[in-house]
Structures are given as structure tokens and as C-alpha cells.
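Novice: To start, I am sharing the structure in question, which I have written as C-alpha cells.
Read the figures in this text as sums done on the coordinates, not as results from a lab. In this text the structure is predicted, and so the values were computed from the model without any measurement. Cβ coordinates were reconstructed from backbone atoms using ideal geometry, including for glycine residues, and neighbour counts include every protein chain displayed.
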Amino acid sequence: MLSVEKLQLFAEQGYLVEPSFESLDKCNQMLFELQTAIGKHSEHFPRVFDAGMIHNCFMSGPAMRGHLSSQRLRLATDALLCKNAIVYAYQSSSLSPGQGNYGSRIHVDCPRFVPGYRTNLGYVLALQPFTRENGGTWVLPGSHLAERIPELPEFEQGAVQLTCRSGDAIFFDARLVHRAGVNHTDQWRHAITINFCRPFMRSRFDFPKMLSGISWVKDLDSSARKFLGFDVRMPSSLSEFYLPPSERLYLPNQE
Ligand SMILES: O=C(O)CCC(=O)C(=O)O
């Protein structure tokens, strides 16, 4: 799927935009689920530091859950991060009219800098067009190659703003310095964002535990299960450690 040229550019610049990564139909379903989730979330947590960001989006509807079964997404994480990648965090990034959000500060999505080694991969799926006016993501090309996070003037001098159509995806090295823009329109701008990590690392939440007892878990396909960490669960007793191969909690050969 990703040409050698694209992979080379990704290595140098730290990001790439994949056009029409997801269908408009699926994006619209996800948009509906996300808007519903935002309504509920703001009732339960009216004053949070990351307003406009819904956590664990796979809990908020079948389309956002189904996105974890996207073969394109699995192929992309294989190519841009590693085999058997898992989700560190699956959330959304919405900008309400006239606002930025927690993601609008200059930041990287992974605190560790390991020269020459990518630990995490960022992913933003535009559920609506990203424009200059509604806060398309700003990135500083090449900044993933250095440990230092530049100050605002340096960022502003070199940053480029990414504009997208609905369904376009932005992939980035999680060490790339970036930020969400500010929405200067009177309409919301919605996106889902996923941070992927290597399978030996830990997720922000214990997803298998969170999902214990939930009926739709049995319908997840193998790639969605893998993304949610079901193949790298830790045994908590010797009887779990000695389970037969077909029931093992931590599968062999996870990178
Ligand atoms: O919403 C955006 O444009 C960027 C989101 C972001 O900063 C992030 O996912 O870390």
C-alpha cells in the first residue's frame, strides 16, 4: 500500500497524509457516534482539561469500534511502526466553534526520544474537512528527529498546516512536534485520533479488563482484538500461565 517513496518521505518528514483512507459513509457513521458521545460525556464530566476529546472511542459505537478492523489500518501500522502493534490510546479531537483544545498546545505524543527507533505512531482521521479556518493540524516537518521541543516562534516559522478532506488520514511519528489548530468557524471540526505503540509496551487503559463481560467483544475480528491488547495480556496466576496454546493470554512472537 505505501510506496518506498512514501516511506522514505515519512522517515524524513515524520508524517504523511493518506487521501480517502476511510469511506465517507463510515466517516459519517463515526461522526454521528462521536457527536452523541460528546453530548453524554459533557453531562458526566463538564469541566475536564481535555474537553472535546472522547476517550476509548470503541466504547461509543459500532462504527468507531469497527474502524479497528480496518485492514488498511493494520497494513499501515505494520509498515509505519511494527507488526502486531497495539493501541496506546483511541480518542477523538474535536474543536468547538471559536476554540482550540488540549491538542492545540505545541506537543509530541510520546515522552521518550529513542534515536533511530519509533516507539509510537500517531493517526488522525478527519471526519470532516480540515481547513485553514477550522483548525487543520499543524506539524513541524523533521522535528521527530531531535529530542528538543522548539519554542513557539521556531515552531511557527517552520510549521505547515495540513488540510484534508473527510476520510483522509494523517499518520505521524509520535515524536513529531505538532498541534491542533484553532477553529475560527462557527461549526465544530471533528476527528478521531489513535496513538499506536509496540506490543510489548502498555496502553493508557487496560482495554481487555475494561471490556470484560461486554457482549460485542466476541464479535471483534483478530486484528481489532490484537489492537486492543488481547494477544499480550499478562497471566495473573500459574494456571493462566499454563493454559493450552489456543487459550494463551500472551501470544508468542509479539515483537
Ligand atoms: O486535532 C488535531 O488536529 C491534532 C490532534 C493532536 O494533537 C493529537 O492527536 O495529538
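Novice: Only one of ARG179, ARG189 is within 23 Å of PRO19 (Cβ to Cβ), near the ligand (Cβ under 10 Å from one of its atoms), out of contact with any Lys or Arg (no Cβ under 9 Å at 6 or more places or on another chain) and of a type outside the set (S, T, N, Q). Can you tell me which?
Specialist: That would be ARG189, the only listed residue that is within 23 Å of PRO19 (Cβ to Cβ), near the ligand (Cβ under 10 Å from one of its atoms), out of contact with any Lys or Arg (no Cβ under 9 Å at 6 or more places or on another chain) and of a type outside the set (S, T, N, Q).
Novice: Out of segment 161-176, which residues are within 13 Å of the ligand (Cβ to nearest atom) and either surrounded by fewer than 16 Cβ atoms within 10 Å (Cβ to Cβ) or among the charged types (D, E, K, R) (or both)?
Specialist: Those that are within 13 Å of the ligand (Cβ to nearest atom) and either surrounded by fewer than 16 Cβ atoms within 10 Å (Cβ to Cβ) or among the charged types (D, E, K, R) (or both): GLN161, ASP168, ASP173, ARG175.
Novice: Out of segment 116-144, which residues are buried (at least 24 other Cβ atoms within 10 Å of the Cβ), more than 10 Å from the ligand (Cβ to nearest atom) and among the polar types (S, T, N, Q)?
Specialist: SER143, the sole residue that qualifies.
Novice: What is the residue count in segment 98-115 for residues that are without any contact (Cβ under 8 Å) to a residue 60 or more places away in the chain, away from the ligand (no atom under 13 Å from the Cβ) and of a type in the set (Phe, Trp, Tyr)?
Specialist: 0
Novice: Sticking with this one: Does segment 73-90 hold any residues that are within 15 Å of the ligand (Cβ to nearest atom) and farther than 21 Å from HIS144 by Cβ, and which are they?
Specialist: Selection gives TYR90 alone.
Novice: Then there's this: How do the helices (runs of 4 or more DSSP H) wholly within segment 48-164 filter down when requiring 2 or more residues that are at negative phi and of a type in the set (Lys, Arg): which remain?
Specialist: 71-80
Novice: If I go through segment 112-144 residue by residue, how many of them are within 29 Å of LYS26 (Cβ to Cβ), among the polar types (S, T, N, Q) and more than 14 Å from the chain's Cα centre (by Cα)?
Specialist: Adding up the residues that qualify gives 3.
Novice: Here is a follow-up. When you scan segment 192-216, how many residues do you find that are outside any loop (DSSP other than H, G, I, E, B), under 21 Å from ALA85 (Cα atoms), among the hydrophobic types (A, V, I, L, M, F, W, C) and more than 10 Å from the ligand (Cβ to nearest atom)?
Specialist: Qualifying residue count, segment 192-216: 4.
Novice: Take segment 177-193 and flag every residue that is more than 13 Å from ASN101 (Cα to Cα) and either surrounded by fewer than 23 Cβ atoms within 10 Å (Cβ to Cβ) or polar (S, T, N, Q) (or both).
Specialist: THR185, ASP186, GLN187, THR193
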